[in-house]
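The values are calculated or read from the model by the stated rules, or taken from the named source; none is laboratory data. Quick caveat: nothing in here was measured; it's all calculated off a predicted structure. Glycine gets a Cβ as well: all are built from the backbone with ideal geometry, and neighbour counts include every protein chain shown. These accessible areas exclude ligands, DNA and RNA; they are computed on the full protein's heavy atoms, side chains included. Shrake-Rupley method; radii C 1.70, N 1.55, O 1.52, S 1.80 Å.
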Amino acid sequence: MNDDANSQHHESTTHDYSNDHGPKCHPQQQTPNSRQTPGAIQPSGAIQAPHARYARQTLFRPIGRDGQLRLGQSRVAIVGIGALGTVLATQLVRAGVGFVRLIDRDIVEVTNLQRQSLFDEIDAQSGVAKAEAAAATLRQANGEVTIEAQVTDLTWRNAEELLSDADVILDGTDNFEVRYLINDVAVKHGIAWAYGGAVSSYGSAAFIRPGHTPCLVCLFGEGANGGHDTCDTVGVIAPVVSVVASIQVAETLKYLTGNLDALSNVMILVDLWRNDFSQMAFGSPNASCPCCGEHTFHALESRTDGLTVSLCGRQTIQVRPAVSNSVNLSQVAANLAKHGSVRQNASLLRCDFGQFQITLFADGRALLHGIEDPHEARAIYARYIGM
């Protein structure tokens, strides 16, 4: 990746699309495993006109009627339904992408409400799963779109199952471990993906196409950890989240509607507080890259999962059993009721022990709130849930 445009600022320009002729499909520019063109209109059967709700979008000539139909036949997966993810999901569902999968391991908390636009105070008070709360809200926004909520932790065990059938994967995460999983699946299966990150007042976004652009390993190497700044150490303002997510969605819409010539092919960098907009141009994919050059997928390799991990520095420890097994939430709720106040729904239960709380998911994964020591978290899990 070249830094030749790092200090250049973009000036506002106006483009007259009156001479454009709709989306420019390039079926010859297929990804390495010759996937079908995303959202390609099927020749059999009558093609219906897009719903009137998309009228203003179809008036935009690069999308048009054909592009809108392609969107309706496309599939995307969004990993992380937090600040970036809620904006990504909102825009894609309202744009009429036919299938949207929401993947998130967390629950809604009051600190999310400042920037995570699909949640409200009732969600935070109830501690509902982010993926399910977002899906419920989005279904009210567009009943034409199929929305699938996956309340789970994306790991090497399930990443291919959850991501490999998507036309585009969108990154709404806050850590590089998950991004490398996304990158491995994307390269292995020839899927484009939209990288994004936002913290403080600055952020970055890029659209990665295996075989056409460098992959994440080409750009950052295998050991990137995203640096030291996090939302919990330096904060984050909502406007930069919206800007970064909007760039990710714009690139995704270009790709899904066949407008490949319009893709930026750069890493876009913004700092809204300093009014700084710049970019770093992509070079060519690295032929010696372990991932996209040599096709070794280290993030997807079988490994022993970490049993505990701290989440977002907020006195919350995730405990994940070595082998994921479904648990009988009703039975566990009955057992925990003698120790604290229990609330339960179809996908999780919450027990308030006073000094700490446990959120247990159906796959056996748990969040322990009010605990900072991983060893203590594991001991509490073993005592009340069982290893």
- Among what's in segment 235-254 and is among the small types (Gly, Ala, Ser), in a helix (DSSP H, G or I) and open to solvent by 10 Å² or more (accessible area, probe 1.4 Å), pick the residue that is nearest to residue 209 (Cα to Cα). 250
- Query: When only residues in segment 255-275 that are within 22 Å of residue 85 (Cβ to Cβ) and part of a helix (DSSP H, G or I) count, which is most open to solvent (accessible area, probe 1.4 Å)?
  - Reply: 255
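Only one of 107, 182 is under 22 Å from residue 344 (Cα atoms) and in contact (Cβ under 8 Å) with a residue 40 or more places away in the chain. Can you tell me which? Full working, then the answer.
Working: 182 fails: under 22 Å from residue 344 (Cα atoms).
Within the list 107, 182, the selection yields 107.
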- Message: Please go through segment 125-136 and give me each residue that is crowded, with 19+ Cβ neighbours inside 10 Å and modelled with pLDDT of 95 or more, ordered by number.
- Response: 130, 131, 132, 133, 134, 135
- Query: Taking segment 352-387 as the region of interest, how many residues are over 30 Å from the mean Cα position of the chain (by Cα), among the hydrophobic types (A, V, I, L, M, F, W, C) and modelled with pLDDT of 85 or more?
  - Reply: 2
- Task: For segment 99-111, name all the residues that are open to solvent by less than 10 Å² (accessible area, probe 1.4 Å), more than 14 Å from residue 153 (Cα to Cα) and not in a loop (DSSP other than H, G, I, E, B).
- Result: 100
- Message: Could you tell me how many of the residues in segment 149-171 are open to solvent by 10 Å² or more (accessible area, probe 1.4 Å), under 23 Å from residue 212 (Cβ atoms) and not in a helix (DSSP H, G or I)?
- Response: 3
- Could you tell me whether segment 215-226 includes any residue that is more than 13 Å from the chain's Cα centre (by Cα), at pLDDT below 95 and of a type in the set (D, E, K, R)? yes
